[in-house]
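The values are calculated or read from the model by the stated rules, or taken from the named source; none is laboratory data. Keep in mind that this is a model prediction, so the values were computed, not measured. Neighbour counts run over all protein chains shown; Cβ positions are idealised from the backbone, glycine included.
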Amino acid sequence: MTKRISLTRYLVEQQRVDGHIPSQLRLLLEVVARACKSISQAVNKGDLGGVLGAATTENVQGEMQKQLDIIANEVLIEANEWGGHLAAMASEEMDSIYVVPNRYPQGEYLLLFDPLDGSSNIDVNVSIGTIFSVLKKPEGSVGVSEQDFLQPGAQQVAAGYCVYGPQTTLVLTVGDGVAMFTLDREQGSFVLTKENLQIPPDTKEFAINMSNMRHWDAPVKRYVDECLAGSEGPRGKDFNMRWIASMVADVHRILTRGGIFMYPWDKREPNKPGKLRLMYEANPMGWLVEQAGGAATNGKQRILDIQPGKLHERVSVVLGSKNEVERVTRYHHEA
């Protein structure tokens, strides 16, 4: 790129020139980005900062937390609670919503986040990340309640993630395409490195946890079997499989070069519609993928159209290259 455009300048232009976002949302996104820089520093220090290893607590999902899960959650809350942009926050790591304390002014937005996605990879130095979603507080609601958060993903006003890998990369949408920013550590700022990301509609790459194959439903088995059959099978081409066990890293690869990511329902917990969280993972990632020309469904319907029933609702996820997602979705309908 011929000129270096900072995240701040990009957001100012989205606000002032293009009119896509109001000033309060711009300021909120800058605060989230600063929080991600702090989390990046903690992740990069690793053992030198004494932050690796498991904590002694479980989150609301019944999963053992890592020390960095707790640190990242606290960083995001402390960075965002005092700015006057938010009414409340919700996190994958907290049982219920966090209402902005009375000593601070309350704003009109709601922030949801998975503070550290892929935390099983922390100790082995594999890419992890932060996922976030911003909703507008419903007009006319008195105070703020959990019900205010239960909006379909199509009502998001901003969404993104920050992946902590060889580079720290922030990926963002405010409903006008997808932009990618890389953290310049010398300058301490995120710099625009790619605009208008587009996911190719076709792909030869799929991402799924193959160890769960025996638990899948028939449509998912059908699709993966066809991929594995290669050029001699019904698809007539050879596929590669990738699986990082970090949604943020798998989706980042798809946004960069295409592919399909699947985390489907399986028979081990038949009463749960899926493993991933609708509000903290599927909605923001689904919107990013759609904004880049891809598709995101739960196997049967568009993820962004799902009406949440509870804060920590789970969902099956199929997202990425549009033609592949449509094929998997069609197989579910045919079944």
How many of the residues in the range 139-153 are free of Cβ contacts under 8 Å to residues at least 60 places away in the same chain, surrounded by fewer than 17 Cβ atoms within 10 Å (Cβ to Cβ) and either of a type outside the set (D, E, K, R) or within 13 Å of LEU111 (Cα to Cα) (or both)?
6
At least 3 residues that are modelled with pLDDT of 95 or more and among the acidic types (Asp, Glu) in each: list the strands (runs of 3 or more DSSP E) lying fully within the range 160-220 that qualify.
none
Looking at the range 140-153, can you tell me whether even one residue there is closer than 21 Å to ALA35 by Cβ, under 21 Å from the mean Cα position of the chain (by Cα) and modelled with pLDDT of 95 or more?
yes
Do the conditions hold for VAL178, that is, is it in contact with a Gly (Cβ under 6 Å, 6 or more places away or on another chain) and either surrounded by fewer than 17 Cβ atoms within 10 Å (Cβ to Cβ) or among the aliphatic types (A, V, I, L, M) (or both)?
no
Residues of the range 88-113 being surrounded by fewer than 22 Cβ atoms within 10 Å (Cβ to Cβ) and more than 19 Å from LEU29 (Cβ to Cβ), which ones?
MET94, ASP95, SER96, ILE97, VAL99, PRO101, ASN102, ARG103
Quick check: is even one residue across the range 231-246 touching a residue at least 24 places away in the same chain (Cβ under 8 Å), over 12 Å from ALA207 (Cβ atoms) and touching a helix residue (DSSP H, G or I) at 6+ places or on another chain (Cβ under 7 Å)?
yes
Any residue that is over 22 Å from PRO264 (Cα atoms) and either out of contact with any Leu (no Cβ under 7 Å at 6 or more places or on another chain) or not polar (S, T, N, Q) (or both) - is there at least one of those in the range 238-245?
yes
Yes/no for PRO219 being crowded, with 17+ Cβ neighbours inside 10 Å, more than 14 Å from the chain's Cα centre (by Cα), under 19 Å from GLY320 (Cα atoms) and in contact (Cβ under 8 Å) with a residue 60 or more places away in the chain
yes
The one condition ASP202 fails out of (1) surrounded by fewer than 16 Cβ atoms within 10 Å (Cβ to Cβ); (2) within 30 Å of TYR223 (Cβ to Cβ); (3) acidic (Asp, Glu); (4) touching a strand residue (DSSP E or B) at 6+ places or on another chain (Cβ under 7 Å) is (4)
Could you list, in sequence order, all residues of the range 7-31 that are more than 23 Å from the chain's Cα centre (by Cα) and not in a helix (DSSP H, G or I)?
VAL17, ASP18, GLY19
List every residue pair whose Cβ atoms lie under 9 Å apart, where the two residues are 6 or more positions apart in sequence or sit on different chains, the first residue falls within the range 88-107 and is under 14 Å from LEU76 (Cα atoms), and the second residue, located anywhere, is acidic (Asp, Glu) and part of a loop (DSSP other than H, G, I, E, B).
MET89/GLU81; TYR98/GLU81; VAL100/GLU81
With the first residue restricted to the range 10-29 and required to be loosely packed, with under 13 Cβ neighbours inside 10 Å, and the second required to be not in a helix (DSSP H, G or I), Cβ contacts under 8 Å at 6 or more apart or on different chains are ASP18/ASP176
